[in-house]
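First the structure, in the form of structure tokens, and then the observations on it.
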Amino acid sequence: MIDKWVKTLLAIAALLLFFSLGPSLARAENSWGFGTDVGFLTDTVDDTVFTMSFQGDYYLDSEFSIGPQLLITPGGDLTQITFAGVARYHIPLGAVSIIPFGGIGFVYADYERGRTDDHDVSYIFPFGATAAFHLSRTISLASTLIFTFQDIDLDNRRNSDNFNIGLLFGFRFHP
């Protein structure tokens, strides 16, 4: 139980560090953008769980970016860490941008049930869309709907964990 609290506190500390460094890094004269989200991931091994997302965007041009995406699910019986490479296409619509994305990566899941502990590593295919509401030229509020396909194989699981849906809210820092 204490181990879960330590993991959760470390994840929150990482989130706060990212928030404090994100705006200054995003204003640098380069082609990198950053984002962070918090929300929920449904239909996991542990039902609906809290999750955090961090992403980087290297802009190849003003409408197309590629970069890493990290999803951390630190609470409950399930600890899940997802790392994927994602491509995003930015469609500007005035004060809002619609950003469909897709990628490929890996997921590590650790599921604790009493005295037993089960874990697995699998591939993951995340895809979805983000609506970014521009607050200024470099900062946006974002709402992301994410779908993930994976093949997590844990013993005695309560339900299938081959498909998850997530709803996340956060910020984007543009170059």
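Confirm whether Ser20 is of a type in the set (Ser, Thr, Tyr) and either modelled with pLDDT of 90 or more or within 17 Å of Arg137 (Cβ to Cβ) (or both).
The answer is no for Ser20.
Just to be sure, is Ile104 closer than 19 Å to Asp151 by Cα and at pLDDT 95 or above? First the steps, then the outcome.
Details: closer than 19 Å to Asp151 by Cα: yes; at pLDDT 95 or above: yes.
The answer is yes for Ile104.
Kindly check whether there is at least one residue in region 42-50 that is within 22 Å of Asp151 (Cβ to Cβ) and free of Cβ contacts under 8 Å to residues at least 12 places away in the same chain.
Within region 42-50 (the criterion being within 22 Å of Asp151 (Cβ to Cβ) and free of Cβ contacts under 8 Å to residues at least 12 places away in the same chain), the answer is yes, since at least one residue qualifies.
Just checking, does region 129-140 include any residue being assigned to a loop (DSSP other than H, G, I, E, B) and under 15 Å from Asp47 (Cα atoms)?
no
Mind checking which residues of region 51-74 are among the polar types (S, T, N, Q) and surrounded by fewer than 18 Cβ atoms within 10 Å (Cβ to Cβ)?
Across region 51-74, the qualifying residue is only Ser62.
Report those strands (runs of 3 or more DSSP E) wholly inside region 24-81 carrying at least 1 residues which are over 20 Å from Gly105 (Cα atoms) and modelled with pLDDT under 95.
32-44, 47-59
I'm told Tyr111 meets every condition in (1) within 29 Å of Asp61 (Cα to Cα); (2) out of contact with any Pro (no Cβ under 7 Å at 6 or more places or on another chain) except one. Can you identify the failing condition by its number?
Evaluating Tyr111 over (1) within 29 Å of Asp61 (Cα to Cα); (2) out of contact with any Pro (no Cβ under 7 Å at 6 or more places or on another chain) leaves (1) as the failure.
Looking at this structure, is Arg157 part of a loop (DSSP other than H, G, I, E, B), farther than 14 Å from Ser97 by Cβ, modelled with pLDDT under 90 and among the basic types (Lys, Arg)? Break it down stepwise before answering.
On the way: part of a loop (DSSP other than H, G, I, E, B): yes; farther than 14 Å from Ser97 by Cβ: yes; modelled with pLDDT under 90: yes; among the basic types (Lys, Arg): yes.
It is true that Arg157 is part of a loop (DSSP other than H, G, I, E, B), farther than 14 Å from Ser97 by Cβ, modelled with pLDDT under 90 and among the basic types (Lys, Arg).
Is there a residue being on the phi > 0 side of the Ramachandran plot and touching a residue at least 24 places away in the same chain (Cβ under 8 Å) anywhere in region 116-135? So that I can check it myself, show each step before the final result.
The first filter runs over region 116-135 and keeps only residues on the phi > 0 side of the Ramachandran plot, leaving 128.
Keeping just the survivors that are touching a residue at least 24 places away in the same chain (Cβ under 8 Å) gives 128.
Yes - at least one qualifying residue is present in region 116-135.
Checking the conditions here, which among Ala109, Ala84, Ala129 is under 17 Å from Ala142 (Cβ atoms) and among the aliphatic types (A, V, I, L, M)? Step through it out loud before you land on a result.
Numbers: Ala109 fails: under 17 Å from Ala142 (Cβ atoms); Ala84 fails: under 17 Å from Ala142 (Cβ atoms).
Selected residue: Ala129, the only one of Ala109, Ala84, Ala129 that is under 17 Å from Ala142 (Cβ atoms) and among the aliphatic types (A, V, I, L, M).
The values are calculated or read from the model by the stated rules, or taken from the named source; none is laboratory data. Predicted, not measured: the structure shown is a model, and the values here were computed from it. For neighbour counting, all protein chains shown are included, and Cβ atoms are generated from backbone atoms with ideal geometry for every residue, glycine included.
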